[in-house]
Amino acid sequence: MPSARVVKNRTEFEGKIYEELALVQGADIPAWSADAELRHVGRSRLRVDGPQRVSGRARYTTDLMLPGMLHARVVRSPHPHARVIRVDAKRALALAGVRSVVDRTSAPELFDEEVHYVGAPVAVVVGETEEIAADAAHLVEIEYESLPFVVDLEEAIADRTRVQRKESYSRGDARRGFREADIVVDARYTTSTQLHNCLEPHGAVAQWDGERLTLWESTQAMFDVRKGVAKAIRARLDDVRVICDYMGGGFGSKLGHGHYSEIAAVLAKRLGRPIRCVMDRREENLVTGNRSATVQRVRVGATKDGKLTALEHVAWSGTGTEDGWVASTTGPSNGLYEVANVRSEQFLVLTNTGPFSAFRAPGYVEGTFALESAMDELADKLALDPLALRRKNYAKLDPQSGKHYSLKRLDQCYSRGAELAGWSRRKAGGTAGRHAYLRRGMGVSTQVWGGGGGPPAYATIHLNADGTAIVRAGLQDIGSGTKTAIAQIAAEELSLPLERVRLSIGETDAPYGPASGGSMTTASLGPAVRLAAVDVRRQLLEVAAGLMEVRASEIHLTDGHAVAGRGGKKLALDEVFSKLQNYTVIGRGSRHPNPEDVRLRSFGAHFAEVEVDIRTGAVRVLKIVAVHQIGRIVNPLNAKSQVEGGVTQALGYAVSEGRVLDRLSGHVMNANLEDYKIPTVKDVPDIVVEFVPDLDRRANNLGGIGLGEPPIIPTAAAIANAVANACGARVRTLPITPARVLEALRR
Amino acid sequence: MRIHLTVNGLEREADVWEGSSLLTALREDLGLPGSKNACEQGECGSCSVLLDDQLLCSCLVLAAAAEGHRIRTVEDLGKDERLHPVQRAFVDAGAVQCGFCTPGFIVASYALLRDNPEPSEAEIREALSGNLCRCTGYGKIIEAVRRASREMYR
C-alpha cells in the first residue's frame, strides 16, 4: 500500500487562491497524450442516470417521504430590520395536526433576537403535513419593534458603517499609467441582484437513530454540510451522515448547510420523528442566496494605437446581511489583460436584504460585464475593432504572477468565434434590419476563470469477481453530468464497457470528495478516480501474470484480455475474474497537487448578435457563439449542454433577470417565477458551442480543467456590446431592459 | 376527505385535506413523486400531468376536483424498464441535466406529440413555453422532441 504524504497545494476556488496542505498517496501519472486512443474519455456518452431522471424514478431530497415524518415551516419576518418582542403560538398550536412551534425562547440556537432582512426566520411550525404547517405558520402572532433599515445599494454605499474594503490589488503605478494615456474611458456600471431559482428548492430531511443523524439534503457539498451541521449541533463527524443522491440544481447556492438543515436536525431530535424542512418558491427568492448587485467604476487608459496603459476597477457589491466574504468582482481586471499599471478595490456593502451566496462564477460575471463593456467603449473612442483592441493587449503570461499558463488558447477562441459568428460582417454603427426601426449589431467579450481544481479528493474502486467495478467517491452530481464523466474515466483505465462501471456516490460515509462548485469537481476528483483505476489494473495484471506465468511488466490489458508482449500469449479477463471468486480487488487513488510553476486558468470568448427595435427599445438576441478552452473535454455532449445552460442563465442576467426591492418596505416584489423572469424556451437564441481541442497536459492527469462556470461569464457584456454596436445605445446597467435602451438612445 | 380517481390506469382512493392540490395528493398520498413541486403557482410546469388526457399543472388543480377523473403522470409513460420514446429521446439528445424539470417536460412533450405528430420548431417552443428549465439552454430539449417525433411517427 503506498504511503501517504503531506504536500502543499494551491487551488483557485471562486476567483480566490487558497494555499493548503493536502494528503496524497502514491505518485501521479502523466495526462493521456493527444494521440492516445481512448474509448470513453473524450467521447459523447449518454448520462448514466438518464433513465432514472426521465422516468420520475430519481429520488430528490424533496421527494423523500419517511414513515412518521413531520413537516417544518419557517415563520419569517415581514420587516427588513426589527427586534422580536414576543411570539404567540397559541392559535397555531390549537390547529389540528400541529405538533410544535419553536421560537427564540424555546430554541435559542435557531433564532436571533434581531431580524435583519425580510424573510429572516423568527419561528418554526411543525405539523403532520406540509399544508398544516404552512397554514399554522400564518397563525403565529409576532410582535416586532421596527428598526431603521436600508435596502438600496446606492443608499448603503453612502453610509460608511455599511461599507467594508475586502480586497485591494495593484501592480505598477496606475496614476502614472493614466498620465501616459492618450484616451481614458471612465464609466460607471451597475448590475442587478440575480436569483438562483434552482428548480429543486433548498431543503433537508433529518432522521435520528440514537446519537446518529442521517440528513438528506439537496446540496452541492455534502462534506461541508456534514461539517457545518456537526458543528452546529455539537456532534461528531461520524455521527452525521449526509446523503445527496439526486439534486435539482444549485448554481452555488447550495454550497454549505442551510438554516433548514439545522431546523430539521434539531427538531427531529427533540420530537423523536423525522423532520422535513423544504423551502417554497418565495423563500427560494428571499433567503437562499443571490448574486450581489454591484456598482462598479472602471477607468481604462490607452495610447492612440490601443495599448492599455492603466486600468482601475472599483467595485461595491451588495452582500445583504453577509459580512464574511464578498465575491471578487475585480478579478477579471486584475488578471485578463497585459497592462502594466492596475489598481483595484473590492468593497462589501451591507444592506437589510437576504444574504448573498456564490452564484456561478461569483464576481467574475459582474466584473466581466463592466470590464468588457469598458473595453468596447475604449475601442469606440479609438475607432478600433473591439477584437483588435483585445488582441493588442493579450497577456501571454499571467499578469498577476508572471508565470506561464498551463494552457492559453484565447487567441484561438477569438479567431474561431469570429469565424462562427461572421464577425467580418460587423460594421461600426451596426447594420440595418428588415425595417428601418430594426438595427442589428454584434459584440464580443472575453472569459477568464480558474477551475483547475485540486486536492483533497479521493476515490476507491472495487473490482468484483465478475468483472464489474464500483467506484466509491464522496461525490454529488449537481446535474452537470459529473457521474457520467467519472464513470467514463474509470471505464477507460479499467478497459471495461461503461455499463460495467457502477457508481456508489452521494453520501459522506465515503472518502472525501470536493464540492460541486468552482468548476472544479471533475478536475479534482477525476484524476483520483483515474489513479484508483490504474491501481486496480496494476493488481489485476499481477494476478494475470501469475496465472500466465509471466512478469506483470510484460503484459498489458486490451479488449478484455491480458496480453503478453512477446509471443502474444492471451488470457481472457473473465477467466482471471473466475479465478478470483469472492475476492475484491481494491484500488485507491488521490488527487495530487497542482503544478507550481504555471497558472491554471480557462479562457473563452462569446460573440453576440442582436436586433434592437429602436421604437420600443426591445432587444432580441439572435445568436450567441461560445468558444471555450479548458483542455480535454471528457464528454463533449454534456460539455456542450453545460455551455448552452450557462449562456442561457447569462442571457437572463443580461436582459430579463433582477430582484426588485421596494425601498420603503424592504420587500422583494418579484419573489416568484411569474415576476422574476428566467429565460423560457421562447427566449433562447441559436447557441453555437465549440471547444479548442488542445489538451492542458500540465493541469492534471486528465489534461483538462473545469467548465461549470466559464460559460456564464462573458455573455452579458457581449450582448451589451452588440446592443451598442446596433444602435449606439450604451447600456451600463443590467438587465438591459427596453426602458434602459430607450434612455440610452436619448442620451 | 376521501377522493376516488383513476391514476395511471388504477382505481385509487386517497384521504386528503380539502385544500390539497392534486400535486400534493399524487406526491404525498399516492406515492407518485415523479411530478415535481417547484413553484406551486403554475409557472414552471414541473408538475405537469394529464387529466382526462388534458395537459395541466397539477399544482393548480384541487385534489377534490380530480374526483372521478383519469390522471396520467410521468411514471405511467414508460413501462418498467422500457422508456417511452419521448423519454428515450430526452436521454439520447442530452436534454437532461439536473432532471428536476424533466418529468414536466416529458409529459408536456408527450401531449404535444400526441396532438401534433410533426410539430415545427415554433410549435415546439410554443407548446413547451409553460415549462421552465434552469440548467439546459432548451436547445437539446427541442432536439429531443424532434427525435421523439421521428421515432414515434416515422
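Observations
- Among all positions in region B:24-33, there is at least one residue which is open to solvent by 10 Å² or more (accessible area, probe 1.4 Å) and either closer than 27 Å to A:A639 by Cα or of a type in the set (V, I, T) (or both).
- Flag for A:A221 being among the aliphatic types (A, V, I, L, M), without any contact (Cβ under 8 Å) to a residue 40 or more places away in the chain, more than 20 Å from A:M69 (Cα to Cα) and open to solvent by less than 10 Å² (accessible area, probe 1.4 Å): no
- Per the listing A:G306, A:G402, A:G324, the residue uniquely part of a loop (DSSP other than H, G, I, E, B), of a type outside the set (S, T, Y) and at pLDDT below 95 is A:G324.
- Pairs, first basic (K, R) in region A:373-393, second buried (at least 19 other Cβ atoms within 10 Å of the Cβ) and at pLDDT 95 or above, C-beta under 6 Å, six or more apart: A:K392/A:G306
- Flag if B:D52 is farther than 17 Å from B:G104 by Cβ and under 15 Å from the mean Cα position of the chain (by Cα): yes
- With respect to being at pLDDT below 95, out of contact with any helix residue (DSSP H, G or I) (no Cβ under 6 Å at 6 or more places or on another chain) and within 20 Å of A:G452 (Cα to Cα), A:S519 fits the description.
- All of (1) assigned to a loop (DSSP other than H, G, I, E, B); (2) over 26 Å from the mean Cα position of the chain (by Cα) hold for A:F251 with one exception: (2).
- For beta carbons closer than 6 Å, sequence separation of 6+ or different chains, a first residue in region A:669-695 that is over 20 Å from B:I142 (Cα atoms) and a second that is open to solvent by 10 Å² or more (accessible area, probe 1.4 Å) and of a type in the set (D, E), the qualifying pairs are A:M669/A:D662; A:L673/B:E43; A:E674/B:E43.
- Test: residue in region A:671-681 that is more than 10 Å from chain B (Cβ to nearest Cβ) and open to solvent by less than 40 Å² (accessible area, probe 1.4 Å): yes
- Qualifying residue in region A:556-564 (condition: acidic (D, E) and either part of a helix (DSSP H, G or I) or in contact with a Cys (Cβ under 9 Å, 6 or more places away or on another chain) (or both)): no
- Among residues of region A:631-670, those that are buried (at least 24 other Cβ atoms within 10 Å of the Cβ), over 30 Å from A:H40 (Cα atoms) and polar (S, T, N, Q), counted: 0
- Residue within region A:439-447 that is more than 14 Å from chain B (Cβ to nearest Cβ), surrounded by fewer than 24 Cβ atoms within 10 Å (Cβ to Cβ) and not polar (S, T, N, Q) present: yes
- Residue match in region A:274-294 (condition: over 30 Å from A:G127 (Cα atoms), of a type in the set (G, A, S), under 21 Å from the mean Cα position of the chain (by Cα) and not in a helix (DSSP H, G or I)): yes
- Criterion: of a type outside the set (K, R) and out of contact with any strand residue (DSSP E or B) (no Cβ under 9 Å at 6 or more places or on another chain) - qualifying residue of A:S106, A:S33, A:S100: A:S33
- Scan of region A:16-48 for residues that are open to solvent by less than 30 Å² (accessible area, probe 1.4 Å) and either β-branched (V, I, T) or facing another protein chain (nearest Cβ under 8 Å) (or both), ordered by number: A:V24, A:V41, A:R47
- The numbered conditions (1) of a type outside the set (S, T, N, Q); (2) open to solvent by 10 Å² or more (accessible area, probe 1.4 Å); (3) in a strand (DSSP E or B) are all true for A:F149 except (3).
- Checking A:V98, A:V118 one by one, the residue that is over 30 Å from A:R601 (Cβ atoms), without any contact (Cβ under 8 Å) to a residue 40 or more places away in the chain, aliphatic (A, V, I, L, M) and touching a Leu at 6+ places or on another chain (Cβ under 9 Å) is A:V98 and no other.
- Exclusive hit being in a helix (DSSP H, G or I) and either within 12 Å of chain A (Cβ to nearest Cβ) or within 25 Å of A:R47 (Cα to Cα) (or both), set B:E123, B:E43: B:E123
- Taking the listed residues A:V723, A:V688, the one that is among the hydrophobic types (A, V, I, L, M, F, W, C) and open to solvent by 10 Å² or more (accessible area, probe 1.4 Å) is A:V688, with no other qualifying.
- Within the option set A:E167, A:E154, being part of a strand (DSSP E or B), touching a strand residue (DSSP E or B) at 6+ places or on another chain (Cβ under 8 Å), acidic (D, E) and not assigned by TED's automatic domain parsing to the domain that holds A:G402 holds for one residue only, A:E167.
- Under the condition of being touching a residue at least 12 places away in the same chain (Cβ under 8 Å) and either acidic (D, E) or in a helix (DSSP H, G or I) (or both), the residues counted in region A:465-514 number 19.
- Residue in region A:265-276 that is open to solvent by less than 10 Å² (accessible area, probe 1.4 Å) and touching a Lys or Arg at 6+ places or on another chain (Cβ under 7 Å) present: no
The values are calculated or read from the model by the stated rules, or taken from the named source; none is laboratory data. Bear in mind the structure is a predicted one, so any value in this text is a computation, not a measurement. Cβ atoms come from the backbone with ideal geometry, glycine included; neighbour counts cover every protein chain shown. All accessible areas refer to the heavy atoms of the entire protein, side chains included, with ligands and DNA or RNA removed. Shrake-Rupley method; radii C 1.70, N 1.55, O 1.52, S 1.80 Å.
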